[in-house]
Amino acid sequence: MLLVFKFLQKFLKYSVNFLFVVQITLMILVFLTATYWFLSLLNVHAFDFAASIADALIRFVHIFYKKRISIGGQEIDGALLMFDFAAVVLVVLLSKFKITLYSALESVQIAVEQYNEKIEEKFNSQLQADLRKSILKNNNAAILVEFSAKNLITDDCWNTGKEDDKTKEQEDYAFKMFYNALKQLPGCKFAKTDNKMLILVNEFSQVNDVLKYTEDSISRIRMDMRNDRWRLNSYIALEAYNSKTDLKEIYPSLLKLLVLRQPNEVLAYGNFCMRYELESGNIYEPKLMGSYSGVDDEKVWSLIRKDIKF
């Protein structure tokens, strides 16, 4: 269909250009023959170079019209006059016809644009469907949690060695309480390395519940430790992946988010946010934080709880 529109568009353009050339040619012939004829009556030979053109046109007109015109008792050949009159009328008619062609050309152009828009919409719809299908393949999620404890009792801060031991003890306590709270969650796997805990969620649809339960558990642990004059900061990173992805690729990616050291924030990459937005009933809202060097040149997002009022 597009080829037909393109062909018709070119045909109309060529027709308009051809009619324009015909009009110009006719107007030049009218000017030359009319001037030649008028000066000949005055016995002026300035336009004698147009005599051959005038003779050819006279012979052509004589094929259709051979009558002579009587002016002041003299008969003259009116072939050139008839040609000039007919040429002027034809130029006017061609101008009217060109307006029709321009209108048709505009209609064809609109039809081509509408057809291209339909093709583009169909192409974009297919791209969106393919992108959605590709994003939905990431049906697993990984959550990396790190704790950092700090003693709020200033007197103990002067003893560095003992302070480090107490800090490690409190961080281990926080991890123990955290694991005890989360180990009952169905569909999750846990792995602890150094001072970090990795939570693997088998179904992405569970991310809302797992993340909410994670934050609530951390909040309870934080409150308990605050009563003992300890401040607990949490660092949480999220990533979406599919079952074929090697976890050796996921873990370093999550570590780069923790390196940003955004306390008590839930950080994620754009691919996680795109997958998360395809879920229904989300209780978190992605908020763009910006781009950071050393984070695979990707933008970093923060997940904000919708039910928390500030």
Practice item. Kindly indicate whether residue 251 is crowded, with 21+ Cβ neighbours inside 10 Å and hydroxyl-bearing (Ser, Thr, Tyr). Key: no
Practice item. Could you check how many residues of the range 1-50 are touching a helix residue (DSSP H, G or I) at 6+ places or on another chain (Cβ under 7 Å), aliphatic (A, V, I, L, M) and assigned to a helix (DSSP H, G or I)? Key: 13
Check your understanding: Does residue 230 satisfy the condition of being closer than 28 Å to residue 153 by Cα, in contact with a helix residue (DSSP H, G or I) (Cβ under 8 Å, 6 or more places away or on another chain) and not polar (S, T, N, Q)?
Key -> yes
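Can you find a residue in the range 72-82 that is open to solvent by 90 Å² or more (accessible area, probe 1.4 Å) and modelled with pLDDT under 85? Let's see the steps before the verdict.
If we filter the range 72-82 for residues that are open to solvent by 90 Å² or more (accessible area, probe 1.4 Å), which is where we start, we get 74-75.
Applying the additional criterion that residues be modelled with pLDDT under 85 yields 74-75.
Looking through the range 72-82, at least one residue is open to solvent by 90 Å² or more (accessible area, probe 1.4 Å) and modelled with pLDDT under 85.
Condition check ((1) within 51 Å of the chain's Cα centre (by Cα); (2) within 20 Å of residue 102 (Cβ to Cβ); (3) at pLDDT below 85) across all residues:
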{"residue": "3", "(1), (2), (3)": "yes, no, yes"}
{"residue": "10", "(1), (2), (3)": "yes, yes, no"}
{"residue": "17", "(1), (2), (3)": "yes, yes, no"}
{"residue": "30", "(1), (2), (3)": "no, no, no"}
{"residue": "35", "(1), (2), (3)": "no, no, no"}
{"residue": "40", "(1), (2), (3)": "no, no, yes"}
{"residue": "54", "(1), (2), (3)": "no, no, yes"}
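With the range 113-228 as the region, which strands (runs of 3 or more DSSP E) entirely inside it contain at least 2 residues that are open to solvent by 50 Å² or more (accessible area, probe 1.4 Å), more than 30 Å from residue 5 (Cβ to Cβ) and without any contact (Cβ under 8 Å) to a residue 24 or more places away in the chain?
Details: elements: 140-151, 188-193, 196-201.
Counting at least 2 such residues, we get 188-193.
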Point to revise | So residue 60, is it part of a helix (DSSP H, G or I), out of contact with any strand residue (DSSP E or B) (no Cβ under 6 Å at 6 or more places or on another chain) and either loosely packed, with under 10 Cβ neighbours inside 10 Å or not basic (Lys, Arg) (or both) | key: yes
Review point. Here are 149, 174, 141, 181: which of them is touching a Lys or Arg at 6+ places or on another chain (Cβ under 9 Å) and under 20 Å from residue 269 (Cβ atoms)?
Key: 141
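The values are calculated or read from the model by the stated rules, or taken from the named source; none is laboratory data. Values in this document were obtained by computation on a predicted structure and should not be read as measured data. A quick note on method: Cβ atoms are made from the backbone with ideal geometry, for glycine too, and the neighbour counts reach across all protein chains shown. To get the accessible areas, we keep the full protein, side chains included, count just its heavy atoms, and leave off ligands, DNA and RNA. Shrake-Rupley method; radii C 1.70, N 1.55, O 1.52, S 1.80 Å.
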